[in-house]
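The values are calculated or read from the model by the stated rules, or taken from the named source; none is laboratory data. A quick note: this is a predicted structure, and the numbers were derived from the prediction, not measured. Methodologically, a virtual Cβ is constructed for each residue, glycine included, from the backbone with ideal geometry; neighbour enumeration extends over all protein chains shown. Note: areas computed on protein heavy atoms with side chains; ligands, DNA, RNA excluded. Shrake-Rupley method; radii C 1.70, N 1.55, O 1.52, S 1.80 Å.
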Amino acid sequence: QVQLVESGGGLVQAGGSLRLSCAASGSIFSINSMGWYRQGPGKQREVVAQITDGGTTNYADSVKGRFTISRDNDKNTVYLQMNSLKPEDTAVYLCKAVTVAGRYWGQGTQVTVSS
């Protein structure tokens, strides 16, 4: 079992920045990759960024050049630095961990970008 707790969401004006954190606990040795997803109002959940245990990253086209995913293995935490935020980035952001035993999700953190 892996437990994930997100933090760092909030209300920000367009053009602003936020940094999300996802702290993992439990069977963290089994985590292969972690990622950030988001679900906006009336929209399907979509992948935002992913990072493997080797540090390989990939991003949705809509956030490339603006968002950066990183991980601190000592703190068992994954971050999502979000810059140049746009109103269309408004969503609940969720952290996901993929392990040999399955996939785990956090509860999510709300990000609201005002125009």
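Does S33 fit the bill of being among the polar types (S, T, N, Q) and exposed (fewer than 14 other Cβ atoms within 10 Å of the Cβ)? The answer is no for S33.
Looking at the range 1-16, which of the residues that are out of contact with any Gly (no Cβ under 7 Å at 6 or more places or on another chain) and closer than 18 Å to G108 by Cα is most open to solvent (accessible area, probe 1.4 Å)? Ranking the candidates gives L11 first. Of all the numbered requirements in (1) out of contact with any Gly (no Cβ under 8 Å at 6 or more places or on another chain); (2) modelled with pLDDT of 95 or more; (3) hydroxyl-bearing (S, T, Y); (4) over 20 Å from G108 (Cα atoms), S30 misses one, and that requirement is (2). Condition first: in contact (Cβ under 8 Å) with a residue 60 or more places away in the chain and aromatic (F, W, Y). Can you find one or more residues in the range 65-73 that meet it? No: the range 65-73 contains no residue that is in contact (Cβ under 8 Å) with a residue 60 or more places away in the chain and aromatic (F, W, Y). Among the residues of the range 46-53, is any in contact with a Lys or Arg (Cβ under 7 Å, 6 or more places away or on another chain), open to solvent by 60 Å² or more (accessible area, probe 1.4 Å) and not polar (S, T, N, Q)? The answer is yes, given that some residue of the range 46-53 is in contact with a Lys or Arg (Cβ under 7 Å, 6 or more places away or on another chain), open to solvent by 60 Å² or more (accessible area, probe 1.4 Å) and not polar (S, T, N, Q).
Only a single item in (1) open to solvent by less than 40 Å² (accessible area, probe 1.4 Å); (2) out of contact with any strand residue (DSSP E or B) (no Cβ under 9 Å at 6 or more places or on another chain) is not met by N73, and it is number (1). Collect the residues in the range 1-58 that are closer than 13 Å to T90 by Cα and assigned to a strand (DSSP E or B), keeping them in residue-number order. Selection gives G10, L11, V12, Q13, L18, Y37, R38, Q39, E46, V48.
Is it the case, given these coordinates, that L85 is outside any strand (DSSP E or B), open to solvent by less than 60 Å² (accessible area, probe 1.4 Å) and not β-branched (V, I, T)? Spelling it out, L85 is indeed outside any strand (DSSP E or B), open to solvent by less than 60 Å² (accessible area, probe 1.4 Å) and not β-branched (V, I, T). Looking only at residues of the range 98-114 that are at pLDDT 95 or above and small (G, A, S), we find that the one that is surrounded by the fewest Cβ atoms within 10 Å (Cβ to Cβ) is S114. Hey, could you check the range 58-67 for residues that are surrounded by fewer than 16 Cβ atoms within 10 Å (Cβ to Cβ) and out of contact with any helix residue (DSSP H, G or I) (no Cβ under 9 Å at 6 or more places or on another chain) and say which is nearest to A23 (Cα to Cα)? Among those residues, the one meeting the criterion is N58.
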